[in-house]
Amino acid sequence: MVILSISLMVVLSPVHADQSAGSLPSGGSNWTFNGRNNPSDDLDGRAGVCFTASTSGLVSHVDFYLGRTAGATGTIEAQLYSTTGAIADFPTIGTGCASLSTLIASSTTSISMSSLGTSPSLQTFSFASPSISSGNKYIAVIHMTFTNPDPQSIFINLNSGGGNPGMAWVDNVGTVPQGNLNQNANDYDEFLCDSVSSCPAFNVVVGASPPDFTVSANPTSITLSQDHSATSTITVSSLNGFSGNVGLSANAPAGFTATLNPTTVSLTSGGTATSTLTITATGTQISGTYTVTVTGSSGTLSHQTAVSVSYTVGGNLLSNPGFETGSFASWSQTGMIIRADAGSMHSGLYGAAPAYNPATGIYSAFTLQQNLPSAVAGSSITKIQLWYRWGTSADSVQVLYTDGTYTQTNLPFVGSWTLVNAAFDSTKTISGIKVVRTSGQTINLNLDDFVLG
């Protein structure tokens, strides 16, 4: 059954039910709007329908009932144009229903003419959600590119019953989009309806994108050592007016546990909600990169996000902790050098020390710092250590937190290599470690073998 309306109007529902744009009345029981190829003209054509959007929304698809004359070959896509021209319910010769203005989007799908039958069938053209606004005028167009040189037609039809259909051929590509749809009656490519009774009737379905949601993680990568934990914030965001509950679940590889708090979040239209993902390394897996997947589900909707886990066996979250690269790789520093002479390292081949000025006999003030790739909960850390010797009251090690504060442990003078357990606040989130000498000194300081784990 075809429902005929007086005017063309698209209704975009806030839910995802499709709405009809309306149709033009015709005197016959069979309504056809033809796009035709003529060998003395070019091989392109367009036919379309005007509508005014009653609400704002995202267009997901446009539907046409399409058929063809036997032998028509080529492709068809759909296009959406905005227009500032007047929309007339019944086109008249030389004016058409509206002036094409700005191409909003072409469909992401196209069809082959050879797939159409001589009886019309519903064809759906999908879009990548172009936006239309309430009260603005638009034209939904089928763009036909013929490959056969002989005159052939593609027609839009709502009813395959009998009768003498009103017909309208369309502009060639030379007059569209510069001209009006169905304009220029002298064009060989055109035959226009000249009365209400013979105007073409056709139907366009415009669907608003369905309500949905997204799932994301921040950070998307974390660093873990054996028997420790780290967190990432999972954010669920409403799309296209989605509201309701979203259940969250986490899938972790062997050797890790992943928990979410909460496991269900509630979204309002246009809103966001968060959950905390905690990942703990529990097994004896080898060092490497692993993936934890978080899934959000609501009814038939399901979306995922991934968190990459860089895992290190041995319990040390610091990179290059003993300077065995022979450099300050992974560290930032001022006023320091790498030492390789006997006695300047606790183990291995290298250690770190302040730069020395032999002219003044002064060892430089310095900073030595490493930030973790991802912050780690202090409650999951069991030890923060370093080895040092010499030192002064101007030297200290600082455990850095994400809130900008730190806990300081002094490094007073000692005559031999000494292990220091740096103090830290287990209730805070640790972002890194820093060693500081606040002023130049006549006493050296050797540093080596840091551990944060």
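Among the residues here, residue 411 does not qualify as crowded, with 16+ Cβ neighbours inside 10 Å, within 27 Å of residue 280 (Cβ to Cβ), more than 37 Å from the chain's Cα centre (by Cα) and of a type outside the set (Val, Ile, Thr).
Exactly one residue out of 240, 218 is open to solvent by 20 Å² or more (accessible area, probe 1.4 Å), closer than 28 Å to residue 431 by Cβ and of a type in the set (S, T, N, Q): that is 218. For the stretch 418-453, filtered to residues that are within 15 Å of residue 389 (Cα to Cα) and hydroxyl-bearing (Ser, Thr, Tyr), the residue that is most open to solvent (accessible area, probe 1.4 Å) is 442.
Every test in (1) at positive phi; (2) in contact with a His (Cβ under 9 Å, 6 or more places away or on another chain); (3) buried (at least 20 other Cβ atoms within 10 Å of the Cβ); (4) of a type outside the set (D, E, K, R) is passed by residue 315 save one, and that test is (3). One residue alone among 93, 132 is hydrophobic (A, V, I, L, M, F, W, C), farther than 23 Å from residue 66 by Cα and at pLDDT 70 or above, and that residue is 132. Would it be correct to say that residue 395 is charged (D, E, K, R), in contact (Cβ under 8 Å) with a residue 12 or more places away in the chain and exposed (fewer than 14 other Cβ atoms within 10 Å of the Cβ)? Against the criterion (charged (D, E, K, R), in contact (Cβ under 8 Å) with a residue 12 or more places away in the chain and exposed (fewer than 14 other Cβ atoms within 10 Å of the Cβ)), residue 395 does not qualify. Taking the criterion of being over 26 Å from residue 73 (Cβ atoms) and either of a type outside the set (A, V, I, L, M, F, W, C) or at pLDDT 75 or above (or both), the residues of the stretch 98-122 that qualify are 99, 101, 102, 104. Could you say whether any residue in the stretch 378-386 is within 26 Å of residue 227 (Cα to Cα), open to solvent by 20 Å² or more (accessible area, probe 1.4 Å) and either touching a strand residue (DSSP E or B) at 6+ places or on another chain (Cβ under 7 Å) or among the charged types (D, E, K, R) (or both)? Yes; the residues of the stretch 378-386 include at least one that is within 26 Å of residue 227 (Cα to Cα), open to solvent by 20 Å² or more (accessible area, probe 1.4 Å) and either touching a strand residue (DSSP E or B) at 6+ places or on another chain (Cβ under 7 Å) or among the charged types (D, E, K, R) (or both). With respect to (1) aromatic (Phe, Trp, Tyr); (2) modelled with pLDDT of 75 or more; (3) open to solvent by 50 Å² or more (accessible area, probe 1.4 Å), the lone exception for residue 125 is condition (3).
Filter the stretch 402-453 for residues that are in a strand (DSSP E or B), among the aromatic types (Phe, Trp, Tyr) and without any contact (Cβ under 8 Å) to a residue 60 or more places away in the chain and give the result. Correct list: 406 only. Strands (runs of 3 or more DSSP E) fully within the stretch 229-339 that include at least 2 residues being touching a residue at least 60 places away in the same chain (Cβ under 8 Å): 229-239, 272-281, 288-298, 301-312. Residues considered: 291, 282. Of these, the only one that is surrounded by fewer than 18 Cβ atoms within 10 Å (Cβ to Cβ), under 22 Å from residue 218 (Cβ atoms) and not aliphatic (A, V, I, L, M) is 291.
A count restricted to the stretch 334-373 and to residues that are within 16 Å of residue 436 (Cα to Cα), surrounded by 18 or more Cβ atoms within 10 Å (Cβ to Cβ) and not small (Gly, Ala, Ser) stands at 6.
The values are calculated or read from the model by the stated rules, or taken from the named source; none is laboratory data. All values derive from a computational prediction rather than experimental measurement. All Cβ positions, glycine included, derive from the backbone under ideal geometry; neighbour counts span all protein chains shown. The protein model used for the area step is the full one, side chains on, heavy atoms only, and it has no ligands, DNA or RNA in it. Shrake-Rupley method; radii C 1.70, N 1.55, O 1.52, S 1.80 Å.
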